[in-house]
Amino acid sequence: MKLKLSKPIVFFDIEATGLDVVNDRIVEISLLKVHPNGKEEKQTFRVNPEKEISAEAFGIHNISNEDVNDSPKFVDIAKDLLTYFQ
C-alpha cells in the first residue's frame with residue numbers, strides 16, 4: 001500500500017515486563033518513521049524497566065533481565081523519543 005503523507009508518521013512496537021498495562025514497564029521499543037518522500041528510519045531502544053521481567057513475558061519476547069540491566073531507564077530516553085516523534 002502506498003501512503004500519501006503530508007507529514008512523517010511513526011509506527012511503534014513495545015515489549016514489556018508483563019501483560020498488565022498499568023503496572024508493567026517497557027523493556028524494548030522499536031520505531032519506524034516513514035517520511036512523505038518514502039524514506040524510512042528505524043530505531044530500537046532497550047530499556048531498564050527497574051523491575052523483574054515475568055517468565056510469561058520472557059517466553060514471548062526472549063528479553064531477559066540480564067539483557068536490560070545495563071540499558072538506560074525510560075526517563076533517560078524519553079526526550080530522545082519525543083524528538084523522534086516530533
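Residues whose amide H comes within less than 5 Å of that of Arg25, counting only those at least five positions distant or on another chain, are Thr17, Gly18 (H built at 1.01 Å from N in the peptide plane). With the cut-off at 28 Å, tell me which of the pairs Lys7/Lys73; Lys7/Lys51; Lys4/Lys42; Lys2/Lys73 have Cα atoms farther apart than that. Lys7/Lys73; Lys7/Lys51; Lys2/Lys73, as the Cα separations exceed 28 Å there.
Entry note, the chain: the mean residue ellipticity at 222 nm calculated from DSSP H runs of n ≥ 4, each adding -39500 (n - 2.57), is -7000 deg cm²/dmol after division by the residues and rounding to the nearest 500. Counting only Cβ charges, +1 for Lys and Arg and -1 for Asp and Glu, the dipole size of the chain around its Cα centre is about 780 debye. Converting phi to 3J(HN,Hα) with the Karplus coefficients 6.51, -1.76 and 1.60 and the offset θ = phi - 60°, the stretch 23-35 yields 9, 7, 10, 6, 10, 7, 10, 10, 10, 10, 9, 10, 8 Hz in sequence order, with x at every glycine or proline.
Within the chain, the proportion of Cα pairs with more than 14 Å between them is 66 percent. Close amide H partners of Asn48, meaning residues 5 or more places away or on another chain with modelled amide H under 5 Å apart, are Ser71, Lys73, Phe74. Across the accessible surface of the chain, with the other protein chains kept in place and a 1.4 Å probe, carbon and sulfur atoms take up 52 percent. For the stretch 1-65, the list of trypsin sites (Lys or Arg not before Pro) that fall in a loop by DSSP and count at most 13 other C-beta atoms within 10 angstrom reads Lys2, Lys4, Lys39, Lys51.
Note that the stretch 43-55 has calculated 3J(HN,Hα) couplings of 8, 10, 10, 8, 10, 7, x, 6, 7, 5, 7, 5, 4 Hz, one per residue in order, obtained from phi through the Karplus relation 6.51 cos²θ - 1.76 cosθ + 1.60 (θ = phi - 60°); glycine and proline are x.
The values are calculated or read from the model by the stated rules, or taken from the named source; none is laboratory data. Bear in mind the structure is a predicted one, so any value in this text is a computation, not a measurement. When we count neighbours, we look across all protein chains shown, and the Cβ atoms used for this are built from the backbone with ideal geometry, even at glycine. Keep in mind that these areas ignore ligands, DNA and RNA; they rest on the heavy atoms of the full protein, side chains included. Shrake-Rupley method; radii C 1.70, N 1.55, O 1.52, S 1.80 Å.
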